[in-house]
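Please treat every number below as a calculation from the coordinates, not as lab data. From a predicted model like this one, the values you see are computed outputs, not experimental measurements. Glycine gets a Cβ as well: all are built from the backbone with ideal geometry, and neighbour counts include every protein chain shown.
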Amino acid sequence: MIEIAILSGKGGTGKSSLSAALATLAAKIVAADCDVDAANLHLVLNPKDYREEVYVSGQKAVIDPDRCTNCGICLSYCRFEAISNKGGIHRIIETACDGCQLCDRVCPENAIHMVSHDKSRWFVGDIANGKMIHARLAPGEDNSGKLVNIVRDQARETAFEIQSDIILIDGPPGIGCPVISSLTGVDKVLLVAEPSLSGVHDLKRIVELTQHFRVQTYVVINKYDLNDALSDAIVNWCRSVQIPVIGQLPFDRAVVDAMVNCESVTNWAPDSTISNAIKRIWNKLLQHEQAKSF
Amino acid sequence: MKIAITATGNSLNSKVDSRFGRCSYFAVYDMDENQTKFIKNPNKEAAEGAGPAAVQLIAKQGVTQIISGEFGGKAKSILEDLNIQMIMLNGPEKSIQEVLDLMAINK
Amino acid sequence: MKIAVASGKGGTGKTLVSTNLFNVIQKSGFAVDLIDCDAEEPNALQFIHADLISQKSVTQNIPVIDKEACTFCGKCEAYCHYNAIVVLPKLRHIQVVEDLCHDCGACEYACPAGAISWKSKTTGTIRTYAVNNGSSLIEGRIEIGVYSSVPLIKEVMKSSHHRQLAIVDAPPGTSCPFIATVSAADFMVLVTEPTPFGLNDLKLSVEILQQLDKSFGIIVNRAGLGDHRVYDFIAKNKLLLLDEIPFDPRIAKSYSEGKLITDNMPNYHKHFLQLFSRIKKHLQYDRNSYT
């Protein structure tokens with residue numbers, strides 16, 4: 001079984017559209033959407049979810065107004081500015097509470113208790129050529145790295161169940177904790193780069209990360225015709241750090257049309273130039289795998 | 001001397017869990033008694049700091065060697081401070097029994 | 001008055017809007033600040049020519065345990081929700097894992113021996129750059145490995161309170177850093193695009209802004225591409241559509257080179273000035289509606 005993560009550093013480079021296109025090319029696959037903060041892959045792969053689970057991201061404090069004497073001790077201890085005092089009435093500001101429980105411990109009236117934050121969910125569903133695992137982190141919640149771990153664990157379990165050889169991970173943007181959770185232990189990372197100054201900058205930052213974790217890394221330049229000079233610069237830079245550039249895709253309205261119709265571009269326009277280019281990228285990704293195993 | 005191995009389940013047939021801090025169980029093998037006990041990892045689902053919490057758990061057991069697939073940065077530095085030897089296991093999946101057998105041969 | 005520009009997902013044109021809005025206001029002679037709260041990846045500076053005038057560190061507290069006074073009772077470890085303290089009584093070993101500490105103070109409260117004091121650790125830097133006419137760019141940048149950018153963002157937002165007007169480049173997503181920014185802003189501008197992905201992210205952002213009771217308007221970027229469903233959503237929920245920025249390959253090209261479209265294309269200069277007057281008009285209306 002191999003795990004391939006699609007990442008981009010910068011958001012909006014076309015990572016999810018490419019992930020969807022690659023996912024529909026495989027004979028059998030488990031697709032894992034690890035961009036739990038802003039999951040989009042399900043809009044294209046349309047999973048029929050048959051399992052829904054609660055994800056508890058942490059705890060928040062709640063003040064019981066019947067017991068509270070508004071003494072203000074909790075407010076004096078809270079370091080997160082998470083307790084308000086309006087007209088002598090003390091309340092927890094839910095979005096600011098870090099869940100440290102100190103207010104609960106200091107309260108002389110036992111008026112504060114902790115409740116689990118359980119508004120986030122994760123799902124398993126059927127897709128045309130396999131299964132999909134995806135999740136929805138409730139707004140204002142953190143610890144998306146932990147949810148990414150759950151999605152990946154479930155993806156492995158599911159791949160084992162249906163005997164799929166491939167897990168494709170659509171990763172989150174950035175270089176933070178959820179990105180690290182998405183790439184540790186994968187076999188390959190495909191980076192979707194964009195030829196802009198900020199795109200080049202972010203590509204370099206994420207390559208630092210994949211090299212730190214010693215993951216085999218490949219690059220695709222998306223919308224390369226946006227700025228040919230910068231695309232060339234990316235190719236040269238990748239050569240200098242020995243990262244193969246396995247494809248360059250032009251801007252193509254077919255990608256947007258496919259997305260609007262909730263289809264992957266390889267399904268929507270299977271014989272288009274761009275779909276053929278994506279097929280070549282997919283074959284190269286898998287070819288390298290064979291070469292490695294001999 | 002005690003050795004801990006991260007395990008996916010609580011039997012000798014269970015596979016080695018490749019993650020240290022977020023493994024399912026710790027198999028703690030007591031060389032002197034020639035016995036293995038399994039401890040459920042309470043920090044598997046911890047939001048943060050599963051690695052350091054796991055170090056504390058196994059160190060309290062008096063473990064001096066730990067075998068796993070990978071160690072996180074924070075866990076690594078505490079294990080070094082405590083003089084607990086880390087052994088990284090690569091390659092195909094092995095069961096806890098297979099690892100114990102290998103150690104017996106290498107002894 | 002702080003106007004924050006946000007977008008659920010990255011890459012929809014949040015920085016394009018915030019930098020160009022700042023540029024046209026600043027060029028028309030008003031003193032305005034641009035606050036870059038995208039602390040993991042601040043990049044407004046790529047588009048704005050500015051000189052560094054000051055910088056300060058943002059710190060958090062980290063507990064220091066006096067090993068002479070410590071009785072290794074383990075209460076601090078039990079109180080710590082973040083697994084940031086490791087205690088091994090038999091080995092008389094105790095240590096703080098600094099990267100995990102959230103600076104909540106529970107360990108100090110827990111300690112019966114009074115063995116805990118505090119030191120400070122740098123978690124980020126706030127840099128102020130001078131632009132023109134008293135305008136400035138304020139950037140928050142987090143250190144790698146710090147658990148959250150929220151404390152830094154709170155500080156960055158405070159750094160500009162003496163100003164009449166500030167444009168804020170908000171962090172992406174809808175998690176805590178985004179909320180810390182929103183909480184300190186007076187008005188939100190959400191940038192989206194007319195695609196199912198854009199709509200999905202817009203819905204999440206709208207949900208949380210309505211929960212926080214924050215007033216906001218929407219800009220549809222790359223208008224002309226995609227479909228009408230974003231507009232249907234805006235109309236159906238009676239949301240404020242502030243502006244449309246057309247799909248124009250020249251915008252993407254200009255952005256890719258780190259240039260501002262309001263500098264090199266006069267029609268966009270006018271476009272953003274009109275956007276600013278629409279926001280102003282709306283804010284006045286909004287304020288009147290409260291009184």
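Can you tell me the length gained on complete extension of the stretch C:LYS90 to C:GLU143, counting 0.36 nm per residue apart and subtracting the Cα distance?
The span from C:LYS90 to C:GLU143 would gain 15.5 nm if fully extended.
Dipole of the protein assembly as shown, Cα-centred, from +1 at each Lys and Arg C-beta and -1 at each Asp and Glu C-beta, to the nearest 20 debye?
Approximately 580 debye in magnitude.
Find the relative contact order for chain B and round it to a whole percent, using C-alpha pairs within less than 8 Å whose residues are 6+ positions apart.
For chain B, the relative contact order is 31 percent.
Please report Rg (one decimal) and Dmax (integer) in Å for the Cα set of segment B:2-106.
Taking only Cα atoms of segment B:2-106, I get Rg and Dmax of 12.4, 39 Å.
Could you order the peptides C:39-45, C:260-266 from most to least packed, using the average number of other C-beta atoms within 10 Å per residue?
Packing order, densest peptide first, comes out as C:39-45, C:260-266.
Against the longest principal axis of chain B, how steep is helix B:96-106, in degrees 0 to 90 to the nearest 10, with axes from Cα atoms?
Taking Cα atoms only, the helix is inclined about 70 degrees.
Quick check on the protein assembly as shown: take the gyration tensor over C-alpha atoms, sort the square-rooted eigenvalues as a ≥ b ≥ c, and tell me if it's rounded (a/c under 1.5), prolate or oblate.
Judged from the Cα gyration tensor, the protein assembly as shown comes out oblate (a/c at least 1.5, b/c at or above a/b).
For peptide C:83-93, compute the average count of partner chain beta-carbon atoms within 10 Å of each residue's beta-carbon.
Per residue, the average neighbour count from other chains is 5.
Counting only other chains, what is the mean number of Cβ atoms within 10 angstrom of the Cβ of each residue in peptide A:91-100?
Whole-number average of other-chain Cβ neighbours for A:91-100 is 4.
What cysteines in chain C have no other cysteine with a beta carbon less than 4.7 Å from their beta carbon?
C:CYS37, C:CYS70, C:CYS73, C:CYS80, C:CYS101, C:CYS111, C:CYS176
Run down the lysines and flag those whose C-alpha is under 19 Å from the C-alpha of A:LYS284, throwing out any fewer than 8 positions away in its chain.
Leaving aside lysines fewer than 8 places away in the same chain, those within reach of A:LYS284 are A:LYS15, A:LYS28, A:LYS188, A:LYS292.
Sequence gap at least 6, Cα distance under 8 Å: using those rules, report the relative contact order of segment C:195-291 to the nearest whole percent.
Answer for segment C:195-291 is 22 percent.
Taking R0 as 45 Å, what FRET efficiency do you get between A:ILE73 and C:LYS270 from their Cβ-Cβ distance, rounded to the nearest 0.05?
The pair A:ILE73/C:LYS270 has a calculated efficiency of 0.20.
Of A:VAL186, C:PRO246, B:GLY73, which is farthest on the positive side of the dipole of the protein assembly as shown, counting Cα position, with +1 on Lys and Arg Cβ, -1 on Asp and Glu Cβ, and the Cα centre as origin?
Towards the positive end, the residue furthest out is C:PRO246.
Would you tell me the mean number of C-beta atoms belonging to other protein chains that fall within 10 Å of each C-beta in C:6-18, as a whole number?
4
Given a Förster radius of 56 Å and the C-beta distance between C:GLN211 and A:ALA233 as r, what FRET efficiency does 1/(1 + (r/R0)^6) yield to the nearest 0.05?
Using R0 = 56 Å, I get an efficiency of 0.80.
Using a 10 Å cut-off on Cβ atoms, rank the peptides C:180-193, B:6-19, A:53-66, C:51-64 from the highest mean neighbour count down.
Per-residue mean Cβ counts within 10 Å order the peptides as C:180-193, B:6-19, A:53-66, C:51-64.
For chain C, calculate the relative contact order in percent as a whole number, restricting contacts to Cα pairs under 8 Å that are 6 or more residues apart.
Relative CO of chain C lands at 26 percent.
Enter the angle in degrees (range 0 to 90, nearest 10) between the Cα long axis of helix A:15-25 and the first principal axis of the Cα atoms of chain A, meaning the one along which they spread out most.
Between helix and principal axis, roughly 60 degrees.
What number comes out for the charge environment of C:PRO196, summing +1 per Lys or Arg and -1 per Asp or Glu over other residues with Cβ under 9 Å away?
0
With each run of n ≥ 4 DSSP H residues scored as -39500 (n - 2.57), what mean residue ellipticity at 222 nm is computed for the protein assembly as shown after dividing by its residue count and rounding to the nearest 500 deg cm²/dmol?
-10500 deg cm²/dmol
Roughly how many nanometres apart are two label points built 7 Å out from the Cα toward the Cβ at C:LEU52 and A:ASP64?
The answer from the label model is 5.4 nm.
If I take the Cα coordinates of segment A:58-117 and project them onto the principal axes, what are the three extents in Å, biggest first?
That works out to 27, 19, 17 Å along the principal axes.
Based only on Cα atoms, what Rg/Rh ratio does chain A have, Rh being taken as Kirkwood's radius?
Using only Cα positions, Rg/Rh for chain A is 1.08.
State, to one decimal in nm, how far the label point of A:ASP257 lies from the label point of A:PHE213, with both points 7 Å from Cα in the Cβ direction.
About 3.7 nm, to one decimal.
I'd like to compare C:79-86, A:225-232: which one has the highest average count of other Cβ atoms within 10 Å, and what's the full order after that?
Averaged packing, sorted descending, gives the order C:79-86, A:225-232.
List the trypsin sites (Lys or Arg not before Pro) in segment C:220-291 that DSSP assigns to loop (not H, G, I, E or B) and whose Cβ has at most 13 other Cβ atoms within 10 Å. Which are they?
In loop regions of segment C:220-291 (DSSP not H, G, I, E or B), the sparsely surrounded trypsin sites (Lys or Arg not before Pro) are C:LYS238.
Taking R0 as 60 Å, what's the FRET efficiency between C:ALA113 and A:ARG121 from their Cβ-Cβ distance, rounded to 0.05?
0.85
Label point 7 Å out from B:LYS15 along Cα-to-Cβ: which residues of segment A:159-174 have amide N under 14 Å?
A:159-167
Can you grab the distance from the C-alpha centre of segment C:147-201 to the C-alpha centre of segment A:145-183, Å, no decimals?
28 Å
With only Lys, Arg, Asp and Glu charged, each at its Cβ (+1 for the first two, -1 for the last two), find how big the charge dipole of segment B:2-106 is about the Cα centre; round to the nearest 20 debye.
260 debye
Within segment C:231-253, list the residues whose amide N lies under 17 Å from a label point set 7 Å along Cα→Cβ of C:HIS282.
Answer for this model: C:231-246.
Give, rounded to the nearest 20 debye, the magnitude of the charge dipole that chain C has about its Cα centre when Lys and Arg contribute +1 at Cβ and Asp and Glu contribute -1 at Cβ.
480 debye
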